[in-house]
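Structure first, then comments.
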Amino acid sequence: MKVLLMILFSYLIGSIPFSYLIPKYFKKIDITKVGSGNIGGTNVMRSIGFFYGAVCMVLDALKGFIPVMIAKNIFDDNLVIFFVLILSVLGHDYPIFMKFKGGKGVATTAGVMFGSTGYSGFVFLGLWIPLVLLTKIASLSSLIALFSTTFIHMIVSGGDIYSYGFLVLSLLSLYKHKENIRRIARGEEKRIDIIKMVRKKR
């Protein structure tokens, strides 16, 4: 029963649509009807500003971080932790509160990485930040950073349970980004200039 409650909690906390709620509450904007329509931090950042997008990304990351940290401290079972990290991201991608139409799971997966090993989250950020600043393509930067972090952890750990969890989540994010990949191939993917956004905010 305790395991089922933990898995349910992971999915439900993952389902909290911060990237929908924050624009709606603070700006009276339905994020599903602006920009790409995606319920994710990048769309919030592009549509209503850097600050709100960054807040949504941090909160989305916590949806992955918190369940994994709780599970690690309660359960001595790697399989339980595996399902917890998967379900927290599935909650974000397919939230029950939004009729199962959610984001693409990048920030929540990053949160899972921080909660699982700590250093993997920093590896992800260390790759994602310079990539998005250089390419200005958030989707491409996210996928490269996710898969690179996964393979780095596989090498370092020798293939532990987190490696397989990270791989599943990276593949899930790849699937969720399928339209972005098509736009990248056509040279039509929207760009995001974070430095310009920060300077404009000042």
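Take region 32-42 and flag every residue that is in a helix (DSSP H, G or I) and either under 17 Å from the mean Cα position of the chain (by Cα) or touching a residue at least 40 places away in the same chain (Cβ under 8 Å) (or both).
Answer for region 32-42, where residues must be in a helix (DSSP H, G or I) and either under 17 Å from the mean Cα position of the chain (by Cα) or touching a residue at least 40 places away in the same chain (Cβ under 8 Å) (or both): T32, G41, T42.
Considering only region 72-97, how many residues are in contact with an Asp or Glu (Cβ under 9 Å, 6 or more places away or on another chain) and either under 25 Å from A138 (Cα atoms) or not in a helix (DSSP H, G or I) (or both)?
Total satisfying the criteria: 1.
Quick one: which helices (runs of 4 or more DSSP H) sit completely within region 98-202 and have at least 1 residues that are touching a Gly at 6+ places or on another chain (Cβ under 9 Å) and surrounded by fewer than 22 Cβ atoms within 10 Å (Cβ to Cβ)?
Here the list reads 106-116, 119-135, 161-176, 194-201.
Can you tell me which residue within region 1-24, out of those that are under 16 Å from the mean Cα position of the chain (by Cα) and crowded, with 20+ Cβ neighbours inside 10 Å, is farthest from K63 (Cα to Cα)?
Restricting to residues being under 16 Å from the mean Cα position of the chain (by Cα) and crowded, with 20+ Cβ neighbours inside 10 Å, the top hit is Y20.
Any read-out appearing in this document is the output of simple, stated calculations on the displayed coordinates, not a laboratory observation. Keep in mind that what you see is a predicted model, and the values were worked out from it rather than measured. Cβ atoms come from the backbone with ideal geometry, glycine included; neighbour counts cover every protein chain shown.
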